[in-house]
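Visitor: Next up is a structure, given as structure tokens.
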Amino acid sequence: MRVLKIVLLSALAAFSAMATDYKIDPAHSSAQFSVTHMGLSKVRGGFGNVQGAVSYDPANPAAAKVEATIDVSTVSTNDVKRDGHLKSADFFEVEKYPTMKFVSTKVEKAGAGKLKVTGDLTLKGATKPVVLTVEGPTDEIKDPRGMLRRAASATTRINRKDFGVIWNRALDTGGVMVSDEVDITIDLQFATSAK
């Protein structure tokens, strides 16, 4: 029985070791969001400087791990005044909370080339579970520098009030200035060190 246990543990360790560890490439990754303005149209924005790590084995997607950090101070909606408001305490309060972070807790296959990734999102000091619908990861390629690369795109929808982002303004029409629901898209490219 002891020999069988050792063999099984060795096999499990070998299987786990097949996962490849990657670093998120900030130069080729981004996070975008959209909200509904005055109940009329979508206003879109984004963040730069997405960093973190991904561990992935295509033969065992459930063992995948993702950790990503986003620099909230890079928020941009192509409007300087609005960006300043978003950085204030009414929204992201970037001086006190300069980053947001996602750490995966569970990964499941969700069809061909798709994953469902559950994890904890920390934003403005609040941590809540979210579920990402992921397209990918892509097949691995080797770049000209010998680095192995993959990419993936993830989407989710959150309620900003769950994270303490509660500012709004009532409209004469009975609506509000900004929707509570926020759609998020994260495009990641991740790579190993050069071989």
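The values are calculated or read from the model by the stated rules, or taken from the named source; none is laboratory data. Everything quoted here is computed from the prediction, not taken from an experiment. Don't worry about glycine lacking a Cβ; one is built from the backbone with ideal geometry, like all the others, and counts go over all protein chains shown.
Visitor: So in the stretch 92-108, with the set limited to residues that are touching a helix residue (DSSP H, G or I) at 6+ places or on another chain (Cβ under 6 Å) and hydrophobic (A, V, I, L, M, F, W, C), which one is surrounded by the most Cβ atoms within 10 Å (Cβ to Cβ)?
Guide: 92
To keep it simple, each residue is scored yes or no on (1) more than 15 Å from residue 46 (Cα to Cα); (2) touching an Asp or Glu at 6+ places or on another chain (Cβ under 6 Å); (3) among the acidic types (Asp, Glu).
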| position | (1), (2), (3) |
| --- | --- |
| 69 | no, no, no |
| 74 | no, no, no |
| 78 | no, no, no |
| 86 | no, no, no |
| 93 | yes, no, yes |
| 100 | no, no, no |
| 107 | yes, no, no |
| 113 | yes, no, no |
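Visitor: Within the stretch 98-133, can you find the residues that are more than 15 Å from residue 160 (Cα to Cα) and either more than 20 Å from the chain's Cα centre (by Cα) or assigned to a loop (DSSP other than H, G, I, E, B) (or both)?
Guide: Correct list: 98, 110, 111, 112, 113.
Visitor: Residues to consider are 114, 65; find the one that is in contact with a strand residue (DSSP E or B) (Cβ under 8 Å, 6 or more places away or on another chain) and without any contact (Cβ under 8 Å) to a residue 24 or more places away in the chain.
Guide: Answer to the selection: 114.
Visitor: Another question, then. If only one of 39, 48 is at pLDDT below 95, in contact with a Pro (Cβ under 9 Å, 6 or more places away or on another chain) and either over 23 Å from residue 84 (Cα atoms) or among the small types (Gly, Ala, Ser) (or both), which one is it?
Guide: Working: 39 fails: in contact with a Pro (Cβ under 9 Å, 6 or more places away or on another chain).
Criteria check complete, one pass: 48.
Visitor: The conditions are (1) surrounded by 13 or more Cβ atoms within 10 Å (Cβ to Cβ); (2) modelled with pLDDT under 95; (3) polar (S, T, N, Q), and residue 193 fails exactly one of them. Which is it?
Guide: Of the numbered conditions (1) surrounded by 13 or more Cβ atoms within 10 Å (Cβ to Cβ); (2) modelled with pLDDT under 95; (3) polar (S, T, N, Q), the odd one out for residue 193 is (1).
Visitor: Looking at (1) at pLDDT below 95; (2) touching a helix residue (DSSP H, G or I) at 6+ places or on another chain (Cβ under 9 Å), which is the one condition that is false for residue 115?
Guide: It fails just one condition, (1).
Visitor: So residue 40 clears everything in (1) in contact with a strand residue (DSSP E or B) (Cβ under 6 Å, 6 or more places away or on another chain); (2) exposed (fewer than 15 other Cβ atoms within 10 Å of the Cβ) except one condition, right? Which one?
Guide: (1)
Visitor: Another question about this same structure. Which count do you get for residues in the stretch 167-190 that are within 14 Å of residue 38 (Cβ to Cβ) and touching a helix residue (DSSP H, G or I) at 6+ places or on another chain (Cβ under 6 Å)? Even if it seems obvious, please write down each step before you answer.
Guide: Looking only at the stretch 167-190, we keep the residues that are within 14 Å of residue 38 (Cβ to Cβ), and these are 168-180.
In the following step, the residues that additionally are touching a helix residue (DSSP H, G or I) at 6+ places or on another chain (Cβ under 6 Å) were identified as 180.
So the count comes out to 1.
Visitor: Ok, one more. Counting only residues that are surrounded by fewer than 17 Cβ atoms within 10 Å (Cβ to Cβ) and either of a type in the set (Asp, Glu) or touching a residue at least 40 places away in the same chain (Cβ under 8 Å) (or both), how many does the stretch 121-141 have?
Guide: Within the stretch 121-141, residues that are surrounded by fewer than 17 Cβ atoms within 10 Å (Cβ to Cβ) and either of a type in the set (Asp, Glu) or touching a residue at least 40 places away in the same chain (Cβ under 8 Å) (or both) number 3.
Visitor: Are any residues in the stretch 165-191 more than 19 Å from the chain's Cα centre (by Cα), assigned to a loop (DSSP other than H, G, I, E, B) and touching a residue at least 24 places away in the same chain (Cβ under 8 Å), and if so, which ones?
Guide: Hits for the stretch 165-191 are 167, 171, 173, 175, 177, 179.
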